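Down below is the structure, laid out as C-alpha cells.
The numbers here are math on the coordinates, done by the rules we state, and not lab data. Values in this document were obtained by computation on a predicted structure and should not be read as measured data. Every residue, glycine among them, receives a Cβ derived from its backbone with ideal geometry; neighbour counts consider all protein chains shown.
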Amino acid sequence: MENIERIYNVVGVSEKGFVPVARDILACVNDFQGSVYIEKDNRTVSARSMVGVLSLGLQNGDTVKVTCSGEDEFSVKLCLEKIGTVIA
C-alpha cells in the first residue's frame, strides 16, 4: 500500500468561496478507493468529510498536508494531483 504526503498552500478561497473549495476537494477524492487526509495546524480530517474539511477553516495562504494511501501508486499520485489543482 502506497502512502504519499504533499504540502500545499491554499489558494482560491477568496475567489470561489469557502464551501465551493471544500466541495471541490470532496469531488476530487470521490472516485479514489484509498484513504485521503488533510492536516492543518496539527488537526487531521478525512478529505471525504464535508464537515471535517469545513471545520479546518481553510483560508488563502494556509499550509496543509495531504496524505493519500491506496492500493496502487498511480491512483495515489493522481488523487494528489487533483487535490493540488483545487487548493494549490
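For the stretch 18-34, putting each phi into the Karplus relation 6.51 cos²θ - 1.76 cosθ + 1.60 with θ = phi - 60° gives couplings of 5, 5, x, 5, 4, 4, 5, 4, 4, 5, 5, 8, 4, 8, 7, 7, x Hz, in residue order, rounded to whole numbers and with x for Gly and Pro.
The equivalent ellipsoid of the chain has semi-axes of 20, 12, 12 Å, largest first, where each one is the square root of 5 times an eigenvalue of the Cα gyration tensor. For the chain, the 222 nm mean residue ellipticity estimated from helices alone, with every DSSP H stretch of n ≥ 4 adding -39500 (n - 2.57) and the total spread over all residues, rounds to -12000 deg cm²/dmol.
Panel order for Lys16, Lys40, by other beta carbons found within 10 Å of each beta carbon, from fewest to most: Lys16, Lys40. Rounded to the nearest 20 debye, the dipole magnitude of the stretch 2-87 is 300 debye, with +1 charges on Lys and Arg beta carbons, -1 on Asp and Glu beta carbons, and the Cα centre as origin.
Distance between the pseudo-spin-label points of Thr44 and Lys65 (7 Å out from Cα toward the beta carbon): 0.8 nm. For the chain, the number of Lys pairs separated by eight or more positions or lying on different chains, with C-alpha atoms closer than 18 Å, is 4. Computed from phi, the 3J(HN,Hα) profile of the stretch 44-57 under the Karplus parametrisation 6.51, -1.76, 1.60 (θ = phi - 60°) reads 10, 10, 6, 6, 8, 9, 4, 4, x, 5, 5, 5, 6, x Hz, with x in place of Gly and Pro.
What is the local net charge at Lys65, summed over the other residues whose Cβ is closer than 14 Å to its Cβ (Lys, Arg +1; Asp, Glu -1)?
Numbers: positive: Arg6, Lys40, Arg43; negative: Glu5, Glu39, Asp41, Asp62.
Combined, the nearby Lys, Arg, Asp and Glu give -1.
In terms of other Cβ atoms within 10 Å, Arg48, Arg43 run from fewest to most in the order Arg43, Arg48.
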